[in-house]
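A.B. asks: Submitted below is the structure of interest, expressed as structure tokens.
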Amino acid sequence: MHYGADYNPEQWPREVWPDDVRLMQEAGVTLVSLGIFSWSRIQPAEGVFDWEWLDEIIDLLHAGGIQVDLATATASPPPWAAAAYPEMLPQDADGSTFWPGSRQAYAPSSPIYRRLAAELVTALAERYAQHPAVVLWHVNNEYGCHLHYDFSDAARDAFRAWLERKYATIDRLNHAWGTDFWSQRYTGFDQIQPPRKAPYSINPTSVLDFKRFTSDTLLELFVMERDIIRAAGAAQPITTNFMGAFPPADYWKWAAEVDVISDDNYPDPNDPESFRGAAFARELMRGLKPGVPWLLTEQSTNALNWRPTNPPKAPGQMAALSAQAIGRGADAIMFFQWRQSRRGSEKFHSAMVPQAGLETRTWREVVELGGQLAQLPSLPDVSSGARVALVFDWENWWAIGGRDHPIGLDYLGLAHRWHAALHRQHLAIDIVNTTAELSGYALVVVPQQYLLTDEGAANLSAYVQAGGNLFVSAFSDVVDEDDAFREGGFLVGLRDVLGVAIEDFGALVPPEALTSADSAGEISTHAVPEGPGQSEAPLDGPAGRIVGQYLAEELLVQDAEVLGRFTDGRTAGRAAFTRKRSGAGTGYYLATIPDDDGMWEVLRWLTAEAGIRPEIEGLPEHVEIARRGSILTVINHSAEPFSVTVIGTDLLSGSTEPVRELGAFGWAFVDTQATGQKGI
Ligand code: GLA
């Protein structure tokens with residue numbers, strides 16, 4: 001288990017460095033990410049390198065037994081670069097330039113930026129590839145973090161080249177983009193612009209392709225640096241830090257290119273429920289490279305600086321969130337940053353060594369956690385035992401987030417809510433994409449999969465035929481990978497396994513207007529009689545009232561059973577929830593998006609139908625469990641003490657006493673190997 005932080009020694013006089021190493025040893029630090037923002041110190045002018053300070057600190061760390069995750073320093077070009085080559089600066093959709101003076105002021109497509117970055121990385125890799133302190137390479141930093149999209153001329157030229165590679169002929173592009181609409185037909189790739197400021201709605205497929213291009217372009221930068229590092233003879237693993245579900249980078253695609261997944265985690269301490277979103281992100285990271293441990297490369301020890309208000313973490317919360325990551329496969333717990341900065345934008349951001357000194361709760365918690373991690377055995381098996389999978393898909397995120405839809409939907413927010421409905425039930429959850437291997441899951445949940453590729457539709461359908469339970473909810477399978485409707489209406493790709501089609505999407509007034517007397521918003525699938533004279537017994541669907549939001553789709557039921565109907569509003573009496581037995585499995589469709597309790601209710605019913613149960617029943621909602629091979633992690637994400645019974649051996653205390661007392665933000669790793677209990 002690695003423990004450490006970003007280390008920025010260039011912000012400190014050299015006299016501090018030996019003290020840093022001594023304190024790192026005291027805290028149990030094993031690994032630091034070095035040089036992430038050091039370009040201007042390493043290369044004070046083009047062609048001029050200053051290695052002396054970097055040599056010294058790497059040797060000092062090595063002598064102190066601290067390993068180095070060496071960064072390539074390309075995330076923040078030095079001022080001399082933009083002064084000499086202003087054309088390397090990025091621009092927004094209006095053509096305004098992002099100037100230097102902050103960080104990340106470079107156009108990812110800029111050939112000049114790429115040349116300068118390549119020169120720096122070549123020199124750095126050749127110098128340190130064989131250094132025994134260097135155990136990992138940290139390429140750039142949080143690609144795209146501040147600058148999601150670049151619309152500069154460099155981006156324009158690269159976008160055109162990317163499109164030409166994708167479509168080969170302009171006619172194919174014209175077909176995919178539907179350019180006969182509004183006289184947008186192109187006669188050459190050189191006429192195409194990125195989706196810059198335009199009078200009105202921009203061609204949606206062009207926007208989707210621009211998002212694909214942006215993700216690919218950032219990934220190209222990573223691959224360029226990675227290949228330079230390898231060519232210099234470096235044998236260490238190479239990574240770059242992800243940011244959970246981060247919009248501009250399709251990490252499903254990126255995962256194949258990095259040796260190890262790294263992730264940063266900054267849940268909002270203001271929000272008592274933010275641990276669920278953190279669980280979502282950690283589950284996503286575990287899923288990117290199934291079976292392989294990943295690294296938590298950044299979190300904060302305490303308060304942040306970049307939200308409107310930045311309260312401290314509660315006592316113990318930092319360790320609880322660390323345990324959450326370890327329980328979901330992390331093999332490193334690291335922070336931004338080692339020593340709190342005295343100057344600059346992030347001086348209020350907490351660190352392992354606080355500005356307030358060592359007589360502080362932060363330092364005590366840092367040292368305590370370091371001691372605990374040092375006791376942990378290696379935990380190679382990261383399998384979660386999950387029998388339910390939740391689909392999360394970047395291409396769909398990009399497409400569904402476009403404009404001109406029946407209703408605006410926040411896909412990430414919805415994915416978090418669907419996940420939370422499972423998480424609140426203490427189920428192990430894997431996050432997958434539509435083309436994942438699904439045979440191990442008893443239930444696959446597909447929320448708002450507006451864009452569904454042919455390949456994804458075939459995979460989900462095959463899963464059902466082979467015996468799986470597939471649950472799809474509203475505004476799914478609407479368009480193909482070109483963001484175009486398919487022949488045959490809506491829900492075409494999954495028609496065979498769902499047995500329903502859609503007549504109309506039935507957009508509702510926004511949820512906040514639900515109280516209005518004539519609102520179409522309140523929907524129930526509960527206990528609705530089929531017709532006069534029929535039984536009033538509850539239908540064979542989820543019990544309890546389910547309030548639908550956003551959409552009340554008008555379904556055309558073909559060969560599915562109706563499990564629930566809308567009771568209110570325009571669609572009253574029409575099918576809301578359906579089931580079709582298909583092959584050896586079952587396809588369920590819900591024609592609305594429930595509120596939080598409705599999501600809980602529907603998924604509770606579906607998981608019970610699929611025979612999925614939590615490993616420990618009856619836990620309160622703020623207590624979470626996660627499995628990592630034979631280790632069960634139990635975490636109390638609240639200040640209320642709680643005790644839980646788990647048979648096994650506590651990895652830290654060695655206790656086999658089954659009743660585990662969890663104080664405020666208390667947690668335990670319990671090895672249940674001997675009990676034979678594993679998975680759900
Ligand atoms: C990101 C960056 C760090 C730092 C932190 C602050 O994760 O990678 O350099 O800015 O945010 O929270």
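A.B. asks: Ordering Glu487, Glu617 by how much accessible area each has at a 1.4 Å probe, largest first, what is the list?
C.D. replies: Order by accessible area, largest first: Glu487, Glu617.
A.B. asks: Would you mind computing Rg(Cα) / (2.2 N^0.38 Å) for the range 319-434, counting N as its residues?
C.D. replies: Its radius of gyration relative to the 2.2 N^0.38 Å reference: 1.47.
A.B. asks: Please find the FRET efficiency linking Arg613 to Asp190, where r is the Cβ-Cβ separation and R0 is fixed at 56 Å, and quote it to the nearest 0.05.
C.D. replies: My answer for the efficiency is 0.40.
A.B. asks: Same structure again: With angles folded into 0 to 90 degrees, how steeply does helix 52-63 sit against the dominant principal axis of the chain? Use alpha carbons for both and round to 10.
C.D. replies: Roughly 80 degrees between the two axes.
A.B. asks: Using a probe of 1.4 angstrom, how much of the accessible area of the chain is carbon and sulfur, in percent?
C.D. replies: 52 percent
A.B. asks: Give the Kirkwood hydrodynamic radius (Å, one decimal) of the range 36-97, defined as one over the mean of 1/r across all pairs of different Cα atoms.
C.D. replies: 13.8 Å
A.B. asks: Quick one: angle between helix 596-609 and the longest Cα principal axis of the chain, in degrees between 0 and 90, rounded to 10, please.
C.D. replies: So the helix axis and the longest Cα principal axis differ by about 80 degrees.
A.B. asks: Find how much the distance from Ala84 to Arg115 grows on full extension, using 0.36 nm per residue of separation minus their present alpha carbon separation; answer in nm with one decimal.
C.D. replies: 9.8 nm
A.B. asks: Something else now. Of all the C-alpha pairs in the range 371-480, what % are more than 21 Å from each other?
C.D. replies: Summing the P(r) of the range 371-480 above 21 Å gives 42 percent of all pairs.
A.B. asks: If R₀ is 41 angstrom, what is the calculated FRET efficiency for the pair Ile647 and Asp271, using the beta carbon separation as r and rounding to 0.05?
C.D. replies: 0.75
A.B. asks: Which order do Thr72, Thr187 take by accessible area at a 1.4 Å probe, largest first?
C.D. replies: Order by accessible area, largest first: Thr187, Thr72.
A.B. asks: Also, quick follow-up: So what's the back-of-envelope 222 nm ellipticity for the chain, counting only DSSP H runs of four-plus at -39500 (n - 2.57) apiece and dividing by all residues, rounded to 500?
C.D. replies: The per-residue figure over the chain is -9000 deg cm²/dmol.
A.B. asks: Now, a different point. If one computes the Cα centroid of the range 148-219 and of the range 330-393, what distance in Å separates the two points?
C.D. replies: Using only Cα atoms to place each centre, the spacing works out to 41 Å.
A.B. asks: Considering only protein heavy atoms, what is the solvent-accessible area of Ile170 at a probe of 1.4 Å, reported in Å² to the nearest 10?
C.D. replies: Rounded to the nearest 10, that gives 30 Å².
A.B. asks: Based on alpha-carbon atoms only, what is the radius of gyration of the range 623-671 relative to the globular estimate 2.2 N^0.38 Å?
C.D. replies: The value comes to 1.02.
A.B. asks: Note down the net charge around Phe505, summing +1 for each Lys or Arg and -1 for each Asp or Glu among other residues with Cβ under 14 Å from its Cβ.
C.D. replies: -4
A.B. asks: With a cut-off of 16 Å, note down the residues of the range 107-130 whose backbone N falls inside the zone around a label point 7 Å from the Cα of Glu164 toward its beta carbon.
C.D. replies: The answer is 111, whose backbone nitrogens lie closer than 16 Å to the label point.
A.B. asks: What does the charge add up to near Gly648, with Lys and Arg as +1, Asp and Glu as -1, over the other residues with Cβ less than 10 Å from its Cβ?
C.D. replies: My count for the surroundings of Gly648 gives -1.
A.B. asks: Please give the residues of the range 48-88, grouped as numeric ranges, whose backbone N is less than 16 Å from a label point set 7 Å along the Cα-to-Cβ vector of Ala374.
C.D. replies: Output list for this probe position: 64-67.
A.B. asks: Using alpha-carbon positions, what is the distance between the centroids of the range 251-317 and the range 8-82, in Å?
C.D. replies: One Cα centre to the other: 24 Å.
A.B. asks: If you take every residue apart from Gln130 with its C-beta less than 15 Å away from the C-beta of Gln130, what net charge results, scoring Lys and Arg +1 and Asp and Glu -1?
C.D. replies: Taking every Cβ under 15 Å from that of Gln130, the sum is -1.
A.B. asks: Could you tell me what % of all Cα pairs in the chain have separations over 51 Å?
C.D. replies: 14 percent
A.B. asks: Ok, one more. Working out 0.36 nm times the residue gap between Ala45 and Ser655, then minus their Cα-Cα distance, what length gain in nm do you get to one decimal?
C.D. replies: Gain on stretching Ala45 to Ser655: 213.7 nm.
A.B. asks: Starting from the Cα-Cα distance between Asn174 and Glu56, subtract it from 0.36 nm times their residue separation and give me the gain in nm to one decimal.
C.D. replies: This chain segment gains 36.7 nm when fully extended.
A.B. asks: Accessible area per residue, 1.4 Å probe, Å², for the chain: what's the number?
C.D. replies: Normalised by residue count, the accessible surface of the chain is 38 Å².
A.B. asks: OK, next. Going from most exposed to least, what order do Asp268, Asp410 have by accessible area with a 1.4 Å probe?
C.D. replies: Final ranking, largest accessible area leading: Asp410, Asp268.
A.B. asks: Accessible surface of Ser384 in the full protein assembly, 1.4 angstrom probe, to the nearest 10 Å²?
C.D. replies: Accessible area of Ser384: about 10 Å².
The values are calculated or read from the model by the stated rules, or taken from the named source; none is laboratory data. Please read these numbers as outputs of a predicted model, since none were measured by experiment. Methodologically, a virtual Cβ is constructed for each residue, glycine included, from the backbone with ideal geometry; neighbour enumeration extends over all protein chains shown. Surface accessibility is based on the protein's heavy atoms, side chains included, excluding ligands, DNA and RNA. Shrake-Rupley method; radii C 1.70, N 1.55, O 1.52, S 1.80 Å.
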